[in-house]
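One structure is given here, and the rest of the page talks about it.
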Amino acid sequence: MTSTTGISGPNGTVPAARASSRSVVLDGLRFLAAGLIVLYHYQSEGPWPLDRLSPVFLRGYLATDFFLILSGYVLGRAYGRKIAGGTVSDERFLLLRVMRVWPAHLVMLAAFAVVIALGVALGAPPAHPDQYQLSDLPSQALLIHAWGLHTGSGWNLPTWSLSALVICYAAFPTLWRKLNRVGASLLLFIGGLAAVWAADLVSRTLYHHALFDLPFNLGVLRALPLFVFGACIARAGELDWPPSRWAVWLAVASGLLVTVLQGFGRFDLMSVALLGLLVGAGGAVRTSRGQQVAAKAGQISFALYITHIFVAMIWFHATRMIVARFAPPEWLQWVMWGLALPAAIATAIAFERLVDQPLQKAVGRLISWRPARYRELARSE
């Protein structure tokens, strides 16, 4: 919520508009990133893979990294003053954050289990049965499957990042209190980026993988430095960086550069630096244009993120059956593939309105918090 007084910092008081955690640009980018993740996971399901058109389609994993940076940023802007001022305890904060993602995760995991069980009973098992091992269900249900346990990465694939974020949430209060002592915005940005670079070096040394290629069961090692980077950018935002007069141009430039860069190969660390600039600049842009549309789009991003693999499992199983039986022409196969995208968005809208919103109201009552206040504090993805 927007304060009327702003945030006090070493460089003076940041205007209230800059103190707000809401941003039209970031809401729009949040939805765009979710859409790119959907394309990344769907691109191989067409008559031929979309990466034949451009290697950009192989870089969709960077959209997940954007989400992780954005999570650290938004939590810093939404909770930073509350954590620093002690108005929200560490335990309360962790409870709010976990209960924001865990109930919806459990609903989707149950949906996967029911549909797969029905498919097996009807003689239509999943195309990749190794992704749905019963032995993986306990760690998936507890949301601990990205904590370094020897478990598979199947079921609802993107939820490795939610599992990793639980650790990030637990670390955030201590992290923010440390960052709150730093008064140099450039040092914060460079320090956050250095954390990502150091994590990549450790990953290559210990696991012989780049940070962005780690197995999903080690997802916390990838998520934590990106989350820290986002929190550093949020603290820099409290110090009025980047300046508002540069924000639009910096956001446009960093967005264009990170997109063009993907056409020349994998430059993950440079891409992450540009994504960090995009988050910081996007958060500094203040405009009311398109606010309602952007807010609605941002609102369904979480639902799109956790439901699109479920849609893909059903949709592309059906299209494979149709292709095998009727051999439709390639153009019609592309039409069927293309319809999966609006189907995923429609499912996300329905899930957000019919499942996630009622769940959050119930959670608010369960933890004895005023529902409106709970929704204000709990929302950040």
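Throughout, read-outs are computed from the coordinates displayed, never taken from laboratory work. On a predicted model such as this, the values are computed, not experimentally measured, just so you know. Cβ atoms come from the backbone with ideal geometry, glycine included; neighbour counts cover every protein chain shown.
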Cubic angstrom per residue, convex hull over Cα atoms of the chain | 144
Which of the DSSP-defined H helices in the chain satisfy a minimum axial length of 18 Å, computed from C-alpha atoms, and a minimum mean Kyte-Doolittle hydropathy of -0.5?
-> 24-42, 61-85, 90-121, 160-179, 185-206, 219-238, 244-261, 268-284, 301-326, 330-351
If one computes the Cα centroid of the stretch 270-290 and of the stretch 156-217, what distance in Å separates the two points?
-> 19
Give the residue from Val220, Phe267, Ala171 lying farthest towards the positive end of the charge dipole for the stretch 7-378; charges sit on Cβ (+1 for Lys and Arg, -1 for Asp and Glu) and the dipole is referred to the Cα centre.
-> Ala171
What value, in deg cm²/dmol to 500, does the helix sum -39500 (n - 2.57) over DSSP H runs of n ≥ 4 give at 222 nm once divided by the residues of the chain?
-> -22500 deg cm²/dmol
Check the straight Cα-Cα distances from Lys82 and name the aspartates and glutamates below 14 Å, setting aside those fewer than 8 residues away within the same chain.
-> Asp90, Glu91, Glu238, Glu376
Go through 178-186, 322-330 and give me the packing order, highest mean Cβ count within 10 Å leading.
-> 178-186, 322-330
